[in-house]
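J.: Sharing a structure, written as structure tokens. Questions coming.
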Protein chains: 2
Amino acid sequence: MAVYTDIPDDELALHLERYNIGELHAIKGIAEGVENSNFLITTDNGTYILTLYEKRVDPADLPFFLGLMKHLSSKGITCPEPIEMRSGESLAQLAGRPAAIVSFLDGISLRRPSSANCRQAGEVLAKMHVAARDFDIRRENALGLAGWRPLFENSRKGADGVLAGLTELVETEIGYLEANWPAKLPAGVIHADMFPDNVLFLKNQLSGVIDFYFACNDLLALDIAICLNAWCFEPDWSFNVTKAGALLAGYQSVRALTQEEYDALPLLCRGSALRFLLTRLYDWLNVPPNALVTPKDPSEYIAKLRFHQGVKSPGEYGLHQLPLESK
Amino acid sequence: MAVYTDIPDDELALHLERYNIGELHAIKGIAEGVENSNFLITTDNGTYILTLYEKRVDPADLPFFLGLMKHLSSKGITCPEPIEMRSGESLAQLAGRPAAIVSFLDGISLRRPSSANCRQAGEVLAKMHVAARDFDIRRENALGLAGWRPLFENSRKGADGVLAGLTELVETEIGYLEANWPAKLPAGVIHADMFPDNVLFLKNQLSGVIDFYFACNDLLALDIAICLNAWCFEPDWSFNVTKAGALLAGYQSVRALTQEEYDALPLLCRGSALRFLLTRLYDWLNVPPNALVTPKDPSEYIAKLRFHQGVKSPGEYGLHQLPLESK
């Protein structure tokens, strides 16, 4: 949750004149998004989200994020659509920060997604992968394989205080993943953070995907692994193979996995678990004194990593049919 | 800003079935209100605020707060209107807490209200005082004269660390106010927290008053003094007599002050400044380690108190005409 920046009244009024969305009726800071300041605004024309990008976001990445949302919207993916100013640009400056206005999506993120919801999540993930094939801006994954060692260096000192033996666990895992990473799998633009918080449902139908601020270029199947970790564990951290099977089946109904992707799933799930373990560990050990955000316990992802380390075959993820031919 | 309580999906859906407001389209935790958890919800029927009352609110006070908002709404004051459940009740239980749904008001709170805005604020304050005359629940002012000594006891230890001599200043002031308090002035229901944050404007016209969770029975003119402190000082803490005159004129256009109220204004302004000085001092010295809220600097109200201590006559508040006869 976050509202880091206050917008002076007069600046806001002037800012909205750059758009063709009518006059402001209301503005509420909303408790959403760890990285940025978000405001729900209503105007003569409807409801929008105004985002001010705070210092954790590199302004150089904004054309990628905004361009991707516009591209996906144009291909029929329901995601926040950047609103253009009268100038035709979507990226502005407000209160000393980069800022954008995007469409507001109706829908509720589910805390306890069902198997049917997991299937819908898998479908939309594949649709995004397909829709982004001809998106022409690239963004490296700063939290991909190459980023894990430097990320862990910043948490090394406190790691064993969180869990005895954690340093050893992480270092061995990074070494294993570096040695075995399936770098030749199909790659493209991935969402990279499609947790249930970032997927909206209306009357139990998936109604939209939000928060593209970790999107980047990487292995498509890594995005599936991120979703398996985020959607298919129960609150007690046990793995729900029915949900995993549903998510994979939903994905494959749109884009079939290659044999190599299928075989790599356990390893990609380990990599994905490690990625979230590392960022949560870092946040856990580096809470600023006036933090507005309670950090998430890294233990959840330690447990998930260990689960995937014990997986002997991709079939354990509930996808028992042979993979179909890649589209 | 605050969202303290998470609502489980299934509880929320069941809860909304108690109301006749249609199905949920969206829910966003909003960064507003220090005391409670607030959610903006949209349903088939429109937009509402769902509030979960957290532990700083005494559940025994809720019938007063909700009843007052309903009473004022019925008299034409634009304020959040509690939505009744099918049962006819407005107060419910959700996620283990007392909860209510109120109408959402369009409008924006101004950070830099003009003199014209101050006049409108004065008008609506008087309209509320008149409209609440026949409201029949009572609530003592826990932050009134009798509350200041015990409140200061909880901050005494740290007071001189905030400002050298603050203990002496506060104790002398409490003694003076106790000895001179004009207890016989016209009394009734006061808002008691009508800061610019709690007043909404649309196209520069006052469109609503919110946050009645400090409302109580006390001297009507104390509410005016609270507004003079909240609306009529500039960001550099200098007093803007034009704004004060406008606020008082707006008030008197609806309800004329009595001679006794007029004469008591400097003293009531001192009392009001002391009340906010004391609560801010307490919050400043008692920030919980995981606070979501940055406390406000008590120095602002030390400066305001000193200003009013130097006022020699009520005319210094910009109201130069003789008070009209009381309505």
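Throughout, read-outs are computed from the coordinates displayed, never taken from laboratory work. Given the structure is predicted, the values throughout are model-derived calculations rather than measurements. Ideal geometry is used to build each Cβ from the backbone, glycine not excepted, and the neighbour counts take in all protein chains shown.
J.: Using the Cα gyration tensor of the protein assembly as shown, with a ≥ b ≥ c the square roots of its eigenvalues, what is the shape: rounded (a/c below 1.5), prolate (a/b larger than b/c) or oblate (neither)? If you can, show how the numbers build up before the last one.
T.: Numbers: a/c = 2.32, a/b = 2.05, b/c = 1.13.
Judged from the Cα gyration tensor, the protein assembly as shown comes out prolate (a/c at least 1.5, a/b above b/c).
J.: When a/c reaches 1.5 or more, the comparison of a/b and b/c decides; with that in mind, is segment A:9-103 rounded, prolate or oblate per its Cα gyration tensor?
T.: On the way: a/c = 1.40, a/b = 1.14, b/c = 1.23.
Rounded is the answer for segment A:9-103, as its axis ratio a/c remains below 1.5.
J.: Continuing with the same structure: Let me confirm one metric for peptide A:19-32, namely the mean number of other chain beta-carbon atoms within 10 Å of its residues' beta-carbons. Show your work: numbers first, answer last.
T.: Numbers: counts 0, 0, 0, 0, 2, 5, 8, 11, 3, 9, 4, 9, 12, 5.
Other-chain Cβ atoms within 10 Å of each residue's Cβ, averaged: 5.
J.: Using the count of nearby Cβ atoms within 10 Å as a rough guide to exposure, how do B:Glu171, A:Glu261, B:Glu35 rank from fewest to most? Write out the running numbers ahead of the final one.
T.: Working: B:Glu171 14, A:Glu261 23, B:Glu35 17.
Neighbour counts put them in this order, fewest first: B:Glu171, B:Glu35, A:Glu261.
J.: Classify segment A:62-101 as rounded, prolate or oblate, taking a ≥ b ≥ c as the square roots of the eigenvalues of its Cα gyration tensor: rounded when a/c is under 1.5, otherwise prolate if a/b is larger than b/c and oblate if not. Display every interim value, and only then the final one.
T.: On the way: a/c = 2.54, a/b = 1.94, b/c = 1.31.
Prolate, since a/c reaches 1.5 and a/b exceeds b/c.
J.: Let me ask something else about it. Sort B:Trp181, B:Trp231 so that the residue with the fewest other Cβ atoms within 10 Å of its own Cβ comes first and the one with the most comes last. Write out the running numbers ahead of the final one.
T.: Working: B:Trp181 18, B:Trp231 24.
Fewest-to-most ranking of B:Trp181, B:Trp231: B:Trp181, B:Trp231.
J.: Looking at chain A as a GNM with Cα springs under 10 Å, which of A:Glu300, A:Glu81, A:Glu23 has the largest mean-square fluctuation?
T.: A:Glu23
J.: Rounding to the nearest 20 debye, state how big the charge dipole of the protein assembly as shown is about its Cα centre with +1 on each Lys and Arg Cβ and -1 on each Asp and Glu Cβ.
T.: Working: 60 positive and 82 negative charges, 35 e Å.
Approximately 160 debye in magnitude.
J.: Given +1 on the Cβ of Lys and Arg, -1 on the Cβ of Asp and Glu, and no further charges, what dipole in debye does segment A:9-103 carry about its Cα centre, rounded to the nearest 20? Before the final figure, lay out the partial values.
T.: Working: 8 positive and 14 negative charges, 58 e Å.
In total the dipole reaches around 280 debye.
J.: Would you mind calculating the relative contact order of segment B:109-317 from Cα pairs under 8 angstrom and at least 6 residues apart, reporting the percent as a whole number?
T.: Values: 287 pairs, mean separation 61.8, N = 209.
Averaging sequence separation for qualifying contacts and normalising by length gives 30 percent for segment B:109-317.
J.: Additional query: Using 7 Å Cα-to-Cβ label points, what is the B:Asp236/A:Asp136 separation (nm, one decimal)?
T.: In this crude label model, B:Asp236 to A:Asp136 measures out at 5.5 nm.
J.: Counting Lys and Arg as +1 and Asp and Glu as -1, each charge on the Cβ, what is the dipole of segment A:115-317 about the Cα centre in debye, to the nearest 20? Spell out each step's value before the answer.
T.: Values: 19 positive and 24 negative charges, 52 e Å.
So the magnitude is around 260 debye.
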